[in-house]
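Structure first, then comments.
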Amino acid sequence: MSESSAKRVNVMTREKFNQIYHRAVERKGGESNLEKLLTTPLNKEQLRLIADHRWLAEFTQKVFQCGIRWQVVRNKWPAFETAFFKFDIEKMGLMPTEMWERKAQDPTIIRDLKKVMTIPENANMIHRAALEYGSFAAMVADWPEQDIVGLWLYLKKHGCRLGGKTGAYSLRGLGKDTFLFTQDVEAYLRHTDVIDGGRDTLKSLRAAQSAFNDWQQQSGRSLAQISQIIAFSVGDNRV
């Protein structure tokens, strides 16, 4: 990290986590109310038990949710599970291109060929990771939270349409500890000069990771809870 980036992170961390926490408590009407809103990520052992085809399903759901109301995808999701054989990794690898094109015309799902074609690409990513780590779930479970943005970048590089928020939301969806660049969190990080450029630039990602690592050391909380508490401490989400 450059000297200027380090200075920027230090500026942000002048507000200690307990200050952020107390502000969130006040906004949510008390500590008990706030704590009830927080989620708890899975531990490594629990993450390892998630079958690899469920990761593919989660990635696919989040890809399809981009740009449309999430509930629309949720309502059609049982049809997705049926159409794509519950996202069995081996079966995804055996389907020829013509079959994918036919699947993309299935009226029971959301007909979008480009998004459908992310499924074999991401199935291949999961398969390759499984060959190297034993399972995709094992790789995710062992990936250190202190470098969670490194896992975001892995998904962006090796997967299809898993950059931006999509990969991070997928990880959170299945219980991997990660912070999220929600609108409120991003606004807070910008307001406090943690990030000042593009949200997805390497500079911004490293600066945000450094800040969250610092808050984690101060609080002993998960990245997910820290992220949620920051969001509850700002924005328009008062009680």
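The values are calculated or read from the model by the stated rules, or taken from the named source; none is laboratory data. Only a predicted model underlies this, so the values are computations on that prediction, with no experimental measurement involved. Virtual Cβ from ideal backbone geometry, glycine too; neighbours counted across all protein chains shown. Heavy atoms of the whole protein, side chains included, go into the accessibility calculation; ligands, DNA and RNA do not. Shrake-Rupley method; radii C 1.70, N 1.55, O 1.52, S 1.80 Å.
Things worth noting here:
- Residue that is nearest to His22 (Cα to Cα), among those in the stretch 210-239 that are of a type in the set (S, T, N, Q) and open to solvent by less than 10 Å² (accessible area, probe 1.4 Å): Ser233
- Subset of the stretch 184-209 (residues that are in a loop (DSSP other than H, G, I, E, B), open to solvent by less than 60 Å² (accessible area, probe 1.4 Å) and touching a residue at least 12 places away in the same chain (Cβ under 8 Å)): Thr192, Val194, Ile195, Arg199
Conditions (1) buried (at least 20 other Cβ atoms within 10 Å of the Cβ); (2) of a type in the set (S, T, N, Q); (3) touching a helix residue (DSSP H, G or I) at 6+ places or on another chain (Cβ under 6 Å); (4) not assigned by the TED database to the domain that holds Val140, marked per residue:
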{"position": "Trp55", "(1), (2), (3), (4)": "yes, no, yes, no"}
{"position": "Lys62", "(1), (2), (3), (4)": "yes, no, yes, no"}
{"position": "Ile68", "(1), (2), (3), (4)": "no, no, no, no"}
{"position": "Asn75", "(1), (2), (3), (4)": "no, yes, no, no"}
{"position": "Glu81", "(1), (2), (3), (4)": "no, no, no, no"}
{"position": "Phe84", "(1), (2), (3), (4)": "yes, no, no, no"}
{"position": "Lys91", "(1), (2), (3), (4)": "no, no, yes, no"}
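- All helices (runs of 4 or more DSSP H) inside the stretch 101-183 with 1 or more residues being closer than 20 Å to Thr39 by Cβ and over 14 Å from the mean Cα position of the chain (by Cα): 136-142
- The numbered conditions (1) in contact with a Lys or Arg (Cβ under 6 Å, 6 or more places away or on another chain); (2) part of a helix (DSSP H, G or I) are all true for Ala224 except (1).
- Taking (1) more than 19 Å from Asn213 (Cβ to Cβ); (2) assigned by the TED database to the domain that holds Lys91; (3) surrounded by fewer than 18 Cβ atoms within 10 Å (Cβ to Cβ) in turn, Pro144 satisfies each apart from (1).
- Matching residues in the stretch 111-137 - criterion: being open to solvent by 10 Å² or more (accessible area, probe 1.4 Å) and in contact (Cβ under 8 Å) with a residue 24 or more places away in the chain: Asp112, Lys115, Met117, Pro120, Glu121, Asn124, His127, Arg128, Ala130, Ser135
- Which numbered condition Leu42 fails, given (1) among the hydrophobic types (A, V, I, L, M, F, W, C); (2) more than 14 Å from Pro120 (Cβ to Cβ); (3) open to solvent by less than 60 Å² (accessible area, probe 1.4 Å): (3)
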